[in-house]
Amino acid sequence: MLLHIEAYGSSALRKVGEEVPEDYPQIQELIDNMLETMYNAPGVGLAAPQVNLALRLFVIDSTQFYDDEEEEDEQEEEKGIKQIFINPKIIQRYGEETSYEEGCLSIPGIREEILRPGQIRIQYYDRDFNFHDEQFDGLDARVIQHEYDHINGILFTDHLKPMKKRTLQKSLNDISQGKVKVHYKMRFPKQQKKRV
Ligand code: ZN
């Protein structure tokens with residue numbers, strides 16, 4: 001089932017998520033719905049607050065970054081990750097900071113260069129509540145940090161310099177009012193009800 005994605009300005013995007021208990025009702029169904037919603041948009045990541053749930057849960061499929069590559073890989077190694085992160089904890093951020101143009105399903109049409117540390121170490125549970133302690137770099141580390149921000153009520157635009165953010169303010173207001181072209185289901189917090 002496709003879920004509505006909360007647009008910029010929604011209070012849901014500002015809530016700090018709560019830990020997901022192992023017996024959370026219909027967690028598998030929720031994860032499947034989040035994956036379906038992410039792929040439909042399409043996006044490479046989706047966090048629970050974006051579907052109006054204040055939970056420490058996000059889904060990522062960064063393999064989509066590499067799908068377009070035509071070249072035949074000599075290495076068998078798979079690029080990108082397809083993973084569910086439950087109750088994640090980034091315990092270390094390290095490596096050189098890199099800049100990358102990020103976007104967000106909650107902020108359609110806006111992409112901006114964001115600086116983030118290049119490598120992370122993170123502990124999390126997968127959808128079967130198996131514990132993992134892993135290190136990521138490159139685009140995987142980037143997407144994880146973006147989604148991890150979401151479960152702490154932080155958006156990528158929060159990382160912009162004040163002057164840059166001011167130049168975007170009108171576009172951000174337009175998004176919260178639903179004045180934006182988007183091809184997936186969204187809920188706009190400041191949309192005026194149409195008069196009949
Ligand atoms: Zn996002």
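Remarks
- Scope the stretch 16-29; condition open to solvent by 20 Å² or more (accessible area, probe 1.4 Å) and of a type outside the set (V, I, T); matching residues: E18, E19, P21, E22, D23, Y24, P25, Q26, Q28, E29
- Whenever a residue of the stretch 94-113 is basic (K, R), its partners that are open to solvent by 20 Å² or more (accessible area, probe 1.4 Å), lying with C-beta atoms within less than 8 angstrom and at least six residues away or across chains, give the pairs R111/E101; R111/G103.
- Only one entry in Q145, Q135, Q92, Q123 is crowded, with 16+ Cβ neighbours inside 10 Å and either at pLDDT 95 or above or in contact with an Asp or Glu (Cβ under 6 Å, 6 or more places away or on another chain) (or both), namely Q145.
- Hey, T37 polar (S, T, N, Q) and more than 21 Å from R187 (Cβ to Cβ) or not: no
- Residue in the stretch 17-29 that is within 15 Å of the ligand (Cβ to nearest atom) and modelled with pLDDT of 95 or more present: yes
- Candidate set from the stretch 96-120 (those that are more than 19 Å from I60 (Cβ to Cβ) and touching a strand residue (DSSP E or B) at 6+ places or on another chain (Cβ under 6 Å)); member that is most open to solvent (accessible area, probe 1.4 Å): E96
- Residue count for the stretch 1-15 satisfying the condition of being open to solvent by 90 Å² or more (accessible area, probe 1.4 Å) and either part of a helix (DSSP H, G or I) or farther than 27 Å from G80 by Cβ (or both): 2.
- So H159, is it open to solvent by 80 Å² or more (accessible area, probe 1.4 Å) and within 15 Å of the ligand (Cβ to nearest atom): yes
- For the stretch 172-189, a residue qualifies if it is open to solvent by 50 Å² or more (accessible area, probe 1.4 Å) and not in a loop (DSSP other than H, G, I, E, B), and the qualifying residues are N173, R187.
- Within the stretch 97-104, none of the residues are of a type in the set (S, T, N, Q), at pLDDT below 95 and away from the ligand (no atom under 16 Å from the Cβ).
- Residues in the stretch 120-165 that are part of a helix (DSSP H, G or I) and acidic (D, E): D140, E147, D149, D158.
The values are calculated or read from the model by the stated rules, or taken from the named source; none is laboratory data. Keep in mind that what you see is a predicted model, and the values were worked out from it rather than measured. Using ideal geometry, Cβ is built from the backbone for each residue, glycine included, and neighbour counts are taken over all protein chains shown. Heads up: the accessible areas ignore ligands, DNA and RNA and are worked out on the full protein's heavy atoms, side chains in. Shrake-Rupley method; radii C 1.70, N 1.55, O 1.52, S 1.80 Å.
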